[in-house]
């Protein structure tokens with residue numbers, strides 16, 4: 001697992017490994033390797049190296065290139081994430097989120113002053129004029145697998161491919177608990193009430209900075225009523241006859257499979 005540590009962040013150096021980004025793509029070598037030794041690429045004067053932590057006792061940095069350097073293939077981040085185990089998934093997610101934070105916080109959001117420097121001991125930028133701290137943004141989202149007898153609720157949003165279904169999910173509002181967000185999102189998106197809400201697991205989703213928080217819930221009352229513009233289709237599916245569901249690398253796929261296993265073991 002990547003050790004993010006609490007020590008002072010080192011400066012980029014030749015013995016470190018580097019994750020190279022171009023736009024929202026990851027640069028890989030011919031063997032699909034994305035942790036790149038310093039000697040395998042030409043540093044760019046405009047790239048900003050951000051410390052991610054240590055992987056197998058080696059420092060790891062992420063850099064963003066303005067143009068595609070020679071000798072690398074650019075792979076879509078989502079595609080690459082789907083090929084990873086949990087440890088490598090977390091490395092890539094952290095790197096992309098930190099690079100996005102660095103790119104999007106070049107100026108203070110309060111007074112507009114430029115912030116070219118990063119703090120040496122934690123991931124924050126401190127405005128030199130008004131001293132406001134700018135940390136990497138993390139946007140919490142709830143995602144829920146809902147049970148009704150031997151069925152679970154699956155839905156498809158307007159941007160999802162036809163025939164592919166997933167869980168209900170949505171952002172947590174300011175001043176709201178995670179449990180309140182679960183009940184509200186389900187009510188808003190499919191018009192039903194749930195009970196027995198319980199936390200299961202979480203996963204970063206770096207598109208660009210979500211933290212997905214997974215829950216199980218049980219159906220209580222109401223009829224499925226898809227919210228216009230939010231949900232195209234929603235229905236109850238028997239656990240032995242599911243439609244096309246998300247990749248099990250994602251928390252959505254994991255949540256469905258884990259809930260089904262729990263349901264079968266607790267009949």
Legend entry - Residues of region 1-51 satisfying the condition of being part of a loop (DSSP other than H, G, I, E, B), within 18 Å of residue 72 (Cβ to Cβ), modelled with pLDDT of 90 or more and within 25 Å of the chain's Cα centre (by Cα): 16, 29, 33, 34, 35, 49
Inset, instruction - Go through (1) modelled with pLDDT under 95; (2) exposed (fewer than 14 other Cβ atoms within 10 Å of the Cβ) one by one and return the number of the condition residue 160 breaks. - result: (2)
Legend entry - Top-ranked residue of region 135-152 - restricted to ones that are outside any loop (DSSP other than H, G, I, E, B) and in contact with a helix residue (DSSP H, G or I) (Cβ under 8 Å, 6 or more places away or on another chain), ranked as surrounded by the fewest Cβ atoms within 10 Å (Cβ to Cβ): 140
Inset, instruction - Scan region 177-192 and give yes if some residue there is modelled with pLDDT of 95 or more, surrounded by 13 or more Cβ atoms within 10 Å (Cβ to Cβ), in a strand (DSSP E or B) and in contact with a helix residue (DSSP H, G or I) (Cβ under 9 Å, 6 or more places away or on another chain), otherwise no. - result: no
Inset, instruction - Please state which of the following conditions residue 118 fails to meet, knowing it meets all the rest: (1) on the phi < 0 side of the Ramachandran plot; (2) in the same structural domain as residue 30 (by TED's automatic domain parsing); (3) in contact (Cβ under 8 Å) with a residue 40 or more places away in the chain. - result: (2)
Inset, instruction - Would you mind finding the one in 158, 243, 204 that is out of contact with any strand residue (DSSP E or B) (no Cβ under 6 Å at 6 or more places or on another chain) and under 27 Å from residue 97 (Cα atoms)? - result: 158
Inset, instruction - Read through the list (1) over 22 Å from residue 127 (Cα atoms); (2) within 17 Å of the chain's Cα centre (by Cα), then give the number of the only condition that residue 54 fails. - result: (2)
Inset, instruction - Determine whether residue 155 is surrounded by 17 or more Cβ atoms within 10 Å (Cβ to Cβ) and part of a strand (DSSP E or B). - result: yes
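The values are calculated or read from the model by the stated rules, or taken from the named source; none is laboratory data. These numbers come from a predicted model, not from an experiment. As a convention, Cβ positions derive from the backbone with ideal geometry for all residues, glycine included, and neighbour counts pool all protein chains shown.
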